[in-house]
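Report on the structure given below.
The values are calculated or read from the model by the stated rules, or taken from the named source; none is laboratory data. The structure presented is a predicted model; accordingly, all values stated were derived computationally and were not measured. Reconstructed Cβ throughout: ideal geometry from the backbone, glycine too, with neighbour counts over all protein chains shown. Just the protein is used for accessible areas: all its heavy atoms, side chains included, with ligands, DNA and RNA removed. Shrake-Rupley method; radii C 1.70, N 1.55, O 1.52, S 1.80 Å.
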Amino acid sequence: MERPSDTKRRILDVARELFAEKGVQRTSLQEIADRLGITKPALYYHFTSRDELVRSIVAPLIEEGEAFLARHEAAGTVSPRALLEEYFDFHYRHRGQIMLVFTELTTLAELGFVELVLNWRGRLATLLVGPDPTLDQSVRAVIALGGLQDCTIQFPEVPMDDLRAAAVDGACVTLGLAG
């Protein structure tokens, strides 16, 4: 993955802050430029639109998520617990982007991100419960994966290792896997 320039990184940092404060749709490119102390044309040199800026913010999440899935799919057999632990770690690392996803679901749906996440969940469920799951297995996989993801956001004050152990144990119980 290409490293962004210092200016581009600063733009992304300020955009993340403003998007968190005001939301994507209520944040103008002019506000981002003003906070940075640059002109709007200078901002346009790096990002041609707000959508491009949003895509750049979630790009590391998408790239790492794809790599995570591809690695496990290529492995053939996976340990469900190890998969769930890595899934937790992935979401814990990307809590900021995931909060953006939750607060800007409409914007990200327009960019195709929701379909991507649903596709990931389906691929993960296949790894956990096989290619032809029963309805019960499918529902449990959705609950386990969604709950594990939500725990990374719901409990910010809990130390990561403690939260990881509790969340992965809960997901394993939900899936009917031995601890």
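Close Cβ contacts (under 9 Å, 6 or more residues apart or on different chains) running from residues in the range 32-60 that are free of Cβ contacts under 8 Å to residues at least 40 places away in the same chain and under 22 Å from Gln97 (Cβ atoms) to residues that are part of a helix (DSSP H, G or I) and open to solvent by 80 Å² or more (accessible area, probe 1.4 Å) comprise Arg35/Glu17; Leu36/Arg10. Determine whether Ala82 is within 27 Å of Asp150 (Cα to Cα), out of contact with any strand residue (DSSP E or B) (no Cβ under 8 Å at 6 or more places or on another chain) and aliphatic (A, V, I, L, M). Here the answer is yes, as Ala82 does meet what is asked.
The residue that is farthest from Arg95 (Cα to Cα), counting only those in the range 9-31 that are hydrophobic (A, V, I, L, M, F, W, C) and surrounded by 16 or more Cβ atoms within 10 Å (Cβ to Cβ), is Leu29.
Conditions tested, residue by residue: (1) more than 13 Å from the chain's Cα centre (by Cα); (2) more than 18 Å from Arg164 (Cβ to Cβ).
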position	(1), (2)
Tyr87	no, no
Thr103	no, yes
Ala125	yes, yes
Leu145	no, no
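Which members of the range 30-55 meet the condition of being aliphatic (A, V, I, L, M) and more than 19 Å from Asp6 (Cβ to Cβ)? Once the filter is applied, which keeps residues that are aliphatic (A, V, I, L, M) and more than 19 Å from Asp6 (Cβ to Cβ), the range 30-55 yields only Val54. Within the option set Asp6, Asp34, being surrounded by 14 or more Cβ atoms within 10 Å (Cβ to Cβ) and either among the aromatic types (Phe, Trp, Tyr) or over 25 Å from Ala109 (Cβ atoms) (or both) holds for one residue only, Asp34. The set of residues in the range 125-179 that are of a type in the set (Gly, Ala, Ser) and farther than 18 Å from Leu69 by Cβ comprises Gly147, Ala165, Ala166, Ala167, Gly170, Gly176, Ala178, Gly179. Scanning the range 73-96 for residues that are touching a Phe, Trp or Tyr at 6+ places or on another chain (Cβ under 8 Å) and charged (D, E, K, R) turns up just one, Glu86. Of all residues in the range 1-53, those satisfying the criterion of being out of contact with any Phe, Trp or Tyr (no Cβ under 7 Å at 6 or more places or on another chain), among the aliphatic types (A, V, I, L, M) and in a helix (DSSP H, G or I) are Leu12, Val14, Ala15, Leu18, Ala20, Leu29, Ile32, Ala33, Leu36, Ala42, Leu43.
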